[in-house]
1. Calculate one ³J(HN,Hα) per residue across region 471-478 by plugging θ = phi - 60° into the Karplus curve 6.51 cos²θ - 1.76 cosθ + 1.60, and present them in order as whole Hz with x for glycine and proline.
2. Filter the trypsin sites (Lys or Arg not before Pro) in region 604-667 to those in DSSP coil with at most 14 other Cβ atoms within 10 Å of their Cβ, and list the result.
3. 7 Å from Cα along Cα→Cβ at both Asp202 and Arg711: what's the point-to-point distance in nm?
4. Going by amide H atoms built from the backbone, whose H comes under 5 Å of the H on Thr682, apart from near neighbours?
5. What does the C-alpha gyration tensor say about the overall shape of region 603-720? Classify as rounded when a/c is under 1.5, otherwise prolate if a/b is larger than b/c, or oblate.
6. Among the lysines, select those whose C-alpha is under 28 Å from the C-alpha of Lys49, and discard any that sit fewer than 8 residues away in the same chain.
7. Each residue of region 436-445 in order: what ³J(HN,Hα) in whole Hz does its phi give by Karplus 6.51 cos²θ - 1.76 cosθ + 1.60, θ = phi - 60°, with x for Gly and Pro?
8. Asp633: net charge of surrounding residues, Cβ under 13 Å, Lys/Arg +1, Asp/Glu -1, itself excluded?
Amino acid sequence: MTDEQFQQKLRGIFTEEAREHLAQIDVGLVALEQAGEAQRGALLERVLKVLHTLKGAARTVDELELERLCHALEGVLAAVRDTGVHATAEQFDLLHKAAAGARQVVDSPGPRSRKVAGMLAAQADAVARALPAQADAAPAAPDFTPDVAPDVGPDPEPADSDGVTGDGGGERIRVDRRCIDSIRAHAEALLPVELKLRHHVDELRALAGVIAARRREGPAEGADDGARIELACTRLAASLEHTGKELHGVRGRLFDAALETALVPSAAALNELPALVRNLARGHGKEVRLDMRGVDVDIDRRVLGIVREALIHLVTNAVDHGIETPAQRSAAGKDPVGRIAIAVTQRDARMVSVRVDDDGAGIDTEAVARAAAGHAGLTDADVAQMSEQQRLQLALRAGVSTRAEVTPVSGRGMGLSIVADKVEASGGQIVVATTPGAGSSFELLLPVGVASLRALVVEVAGARYAVPLAGLEAVRSETQADIRTVEGRETVLAGARVLPLVRLAALFGTAQPGQEQGSGVVIVAQAAGQAFGMLVDAIVAEQDLLPKSFGPLLRRVRWFSGAAQLGDGTLAPVLALEDVAARGLAGGAAAPEAPAPAAGPRRVLVVEDSVTSRLLLKHILEGAGCSVDTAVDGLDALSRLRAGRYDAVVSDVEMPNMDGLALTAGIRANPATAELPVILVTSLQTPEQREAGLRAGADAYFTKGSFDQDRLLATVRRVAGMEAP
């Protein structure tokens with residue numbers, strides 16, 4: 001290994017170690033600010049130890065400004081310890097800024113971040129020098145001990161030179177994540193091999209049966225050869241079956257070991273939240289206390305990433321929307337200090353629960369319904385028929401926000417929809433509850449690991465699909481289910497409940513002419529806060545599958561979250577129950593019949609607030625043989641879509657009144673336009689902005705900076721069903 005390679009490896013180890021230390025520092029600073037006099041000494045010593053360790057690590061990789069910043073922070077906390085004075089909120093602001101500056105040096109080392117670290121170190125030195133005078137001038141502060149001691153996790157362990165740390169119950173070794181991912185990938189790859197082996201066993205047995213039938217029907221000569229072949233095939237099938245059982249056991253043990261290696265404490269996702277809540281509350285003029293439980297629950301690192309992102313959005317939503325100001329809380333007879341509680345619990349061997357509760361004002365379901373009606377194209381009649389839980393689920397839709405103004409924190413209605421998308425993609429569920437004036441709760445039910453999926457393989461119009469078993473309640477034949485039409489909608493009678501029914505063949509556009517309407521099997525499922533039925537042709541099997549995403553080129557495929565390989569080598573799309581439930585929520589349980597192809601030129605609606613861009617797009621599309629109408633913003637577009645039928649929509653994103661993302665969400669939420677192709681053409685071109693457009697339901701995304709007329713026309717022809725000239 002060359003010196004340069006060694007330095008790169010050392011830098012990678014330092015980065016991982018420094019991030020862990022900084023997370024502990026963030027938690028420790030928040031706990032120290034909220035702690036009573038009796039607890040401050042232990043908390044100070046704990047944070048000082050972590051700072052000292054980080055300072056030494058910075059020195060080993062020549063991060064001198066980071067070393068100086070850690071030393072300055074040590075000086076501030078040492079002065080607090082020695083003088084007995086409690087730092088002011090403004091001084092804690094500086095400490096948090098310094099921790100953020102240190103994180104910037106770790107994540108993005110460079111002259112700019114190091115300069116910021118040096119400036120913060122100088123400010124911290126000034127605070128350390130001022131604290132003794134502050135102690136002499138300040139009167140003794142009354143002792144205050146919180147009801148619950150802040151949970152800041154275990155004391156940091158000093159790392160040995162080889163990366164091994166002692167935890168009292170065994171050795172913890174720092175492992176390159178690429179090695180873990182490689183082990184896990186090999187373990188996961190055994191599942192389709194096992195499924196293929198089972199399939200070959202069935203084929204051999206079928207072959208033995210065919211040979212036996214021919215021997216019984218054929219001439220007497222050759223009977224002995226046939227008997228020997230039959231016996232050999234039977235023995236081979238038995239041997240393969242035995243090998244398959246062994247493979248199943250080995251795969252299970254290997255996968256369990258790999259999964260255990262990849263498990264990390266949930267504290268890795270929780271430790272950054274206290275500083276986030278504290279800073280958000282300070283910025284909003286609010287007082288919020290965060291309680292966390294379950295920091296030692298182990299979760300798959302891939303699931304932990306989902307938990308981390310979801311918790312950031314949920315606590316941001318709780319501070320910004322839920323918790324009231326101290327004056328409002330006092331007027332309502334509440335404690336001026338709001339409370340957010342996060343609890344991570346192990347539900348069973350396969351599922352973990354992440355629950356976020358707040359004691360704020362709760363969710364105004366009427367305001368949510370009004371916002372959804374304005375942005376998602378729901379009518380007053382649709383909203384009136386919804387239950388309270390269904391209205392709560394509307395808050396999880398993209399573009400739905402009760403905030404009248406857009407702030408740097410919220411107002412675009414994207415945070416909760418991102419949470420819902422992430423949870424759905426992991427095979428989990430989200431449950432929302434609220435009590436007016438008393439608060440709200442969000443519970444995420446997530447798999448401990450996201451590698452394998454227990455699924456029901458079903459057949460619909462000759463094709464096979466995988467339905468996640470976690471979201472299913474019951475399976476019954478259509479005669480038992482008692483399908484009926486109520487107020488023009490198909491429903492299924494499941495026990496004492498009348499549930500909306502979705503015919504998957506009609507939903508996917510694969511219904512075969514002449515197929516008997518009442519035949520099949522009804523699956524009762526639960527997703528997006530409601531129960532519903534799905535009609536399929538047959539149940540094929542129940543088995544473990546290895547789902548895979550569609551990849552970056554197909555970020556969003558309506559109705560499906562991925563695909564899995566079956567035993568015969570074919571791919572089965574994995575049904576996204578949230579998509580199916582959201583469609584039933586929008587009204588109309590059965591899929592509308594596919595419209596007949598329009599005769600003549602395809603009609604395209606161009607939505608653009610810029611006159612120049614609007615005329616340019618109209619000119620390009622009319623030159624390609626399209627009939628083009630135009631709209632000046634999203635609201636104008638929805639009005640035109642209600643009045644006429646179009647084959648595609650080409651829209652800008654940034655527009656007044658209603659932007660392109662909200663327009664796309666509204667189109668997808670309306671059953672009449674749910675399948676209408678939408679193409680976004682915009683100046684927004686960051687990966688996050690493109691992902692937001694595709695997440696909203698767009699079929700394609702073009703940026704004006706790299707605009708390609710031929711690509712746009714090719715895309716319009718494809719999505720609108722036009723023949724290329």
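Every read-out reported here was derived from the displayed coordinates using simple, explicitly stated rules and does not represent laboratory data. Here the structure is a predicted model, which means the values were calculated and not measured. We place every Cβ from the backbone using ideal geometry, glycine too, and count neighbours over all the protein chains shown.
1. Going residue by residue, I get x, 9, 10, 7, 10, 8, 6, 5 Hz, with x marking Gly and Pro.
2. In loop regions of region 604-667 (DSSP not H, G, I, E or B), the sparsely surrounded trypsin sites (Lys or Arg not before Pro) are Arg645.
3. Computed distance between label sites Asp202 and Arg711 equals 4.3 nm.
4. Phe702, Thr703, Lys704
5. Cα axes put region 603-720 in the rounded bin.
6. Partners within reach: Lys9, Lys97, Lys115.
7. My calculation for region 436-445 gives x, x, 10, x, 9, 9, 10, 10, 9, 9 Hz in order.
8. Combined, the nearby Lys, Arg, Asp and Glu give -4.
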